[in-house]
Amino acid sequence: MTVRQVAATIHGRYLLEAPSDVEGAPLLVGFHGYGENAERHLEELRRIPGASRCVLCAVQALHPFYNRSGEVIACWMTSLDRERAIHDNVAYVASVVASVKRELPVSERLVYLGFSQGAAMAYRAAAGAGHLCHGLIVLGGDVPPELEQQDLSRFPPVLLGRGSSEEWYDAAKMEHDVELLRAKRVDVRPLIFQGGHEWTDEFRAAAGEFLREVTVPAS
């Protein structure tokens, strides 16, 4: 038996929400966790203080499936054909951002945000999607291993959040990521908050302050 691959054209989906005065608004692009969808992620983006002044873009992963209640959810990738999936996903994100920029008069200020499995997508987008990124917000997810070999000297500042009772993204993983990013001269700001593998008001407040910092040009 031989395994072969063939290119195929598929369509992804993303949700877009813009303020009434969209001219020059920052762009916040988010990636949901495993078993979630763009609708659920957009709800979380809305709850970040100050997010209402941004164009919010919740990107849905390309691999949908049903949960037990029949809701359509999705995941970003599996171990099958991993390298190809990484390439496809980064190209997908690049296309989404380009499409938003063509459609709306957003500012140059772009921030990526990833939760859980979506954290790796946020890192990959900042490193390789080809759009200048001014900030990266990560919650409960680790740096993808391929970035350990990349030059991150022009990487944006990173807010890295982890719940104190988090079991999947544990203290050792966070320590590894902080050391890795700092060794590559990335401005990383670790935040440990009360909670688990989840969004909390404490993290939202920190994300809102970080978002304001990296999207408001210095006077």
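For segment 186-194, check the following and say yes or no: at least one residue is touching a residue at least 60 places away in the same chain (Cβ under 8 Å) and either farther than 27 Å from H87 by Cβ or loosely packed, with under 14 Cβ neighbours inside 10 Å (or both). No, because not a single residue in segment 186-194 is touching a residue at least 60 places away in the same chain (Cβ under 8 Å) and either farther than 27 Å from H87 by Cβ or loosely packed, with under 14 Cβ neighbours inside 10 Å (or both).
Of the residues screened, Y112 is one that is outside any loop (DSSP other than H, G, I, E, B) and either at pLDDT 95 or above or among the basic types (K, R) (or both). Counting only strands (runs of 3 or more DSSP E) wholly contained in segment 1-89, the ones carrying 1 or more residues that are at pLDDT 95 or above and of a type in the set (F, W, Y) occupy 14-17, 27-31, 63-66. For residues that are of a type outside the set (A, V, I, L, M, F, W, C) and assigned to a helix (DSSP H, G or I), scanning just segment 196-217, find the one that is surrounded by the most Cβ atoms within 10 Å (Cβ to Cβ). Ranking the qualifying residues of segment 196-217, first place goes to T215.
For E198, the conditions (1) at pLDDT 95 or above; (2) closer than 30 Å to E23 by Cα are fulfilled apart from (2). Listed by first and then second residue, the pairs linking a residue in segment 115-135 that is within 14 Å of L152 (Cβ to Cβ) and touching a residue at least 12 places away in the same chain (Cβ under 8 Å) to a residue that is outside any helix (DSSP H, G or I) and of a type in the set (F, W, Y), with Cβ atoms under 7 Å apart and 6 or more places separating them unless they lie on different chains, are A122/F31; A122/Y112; A125/Y112; A126/Y112; A126/F155; A127/F155; C133/Y112. If T78 meets every condition in (1) surrounded by fewer than 21 Cβ atoms within 10 Å (Cβ to Cβ); (2) in contact (Cβ under 8 Å) with a residue 40 or more places away in the chain apart from one, which number is that one? Condition not satisfied by T78: (2).
Before we move on, is S107 over 15 Å from the mean Cα position of the chain (by Cα), within 26 Å of A206 (Cβ to Cβ), hydroxyl-bearing (S, T, Y) and not in a strand (DSSP E or B)? The answer is yes for S107.
Pairs are defined by a Cβ separation below 9 Å, a sequence spacing of at least 6 or placement on different chains, a first member in segment 196-214 that is among the β-branched types (V, I, T), and a second member that is at pLDDT 95 or above and part of a loop (DSSP other than H, G, I, E, B); the pairs so defined are T200/Q194; V214/P26; V214/R109; V214/H134; V214/P156; V214/P157.
The values are calculated or read from the model by the stated rules, or taken from the named source; none is laboratory data. These numbers were taken from a predicted model, which means no experiment stands behind them. All Cβ positions, glycine included, derive from the backbone under ideal geometry; neighbour counts span all protein chains shown.
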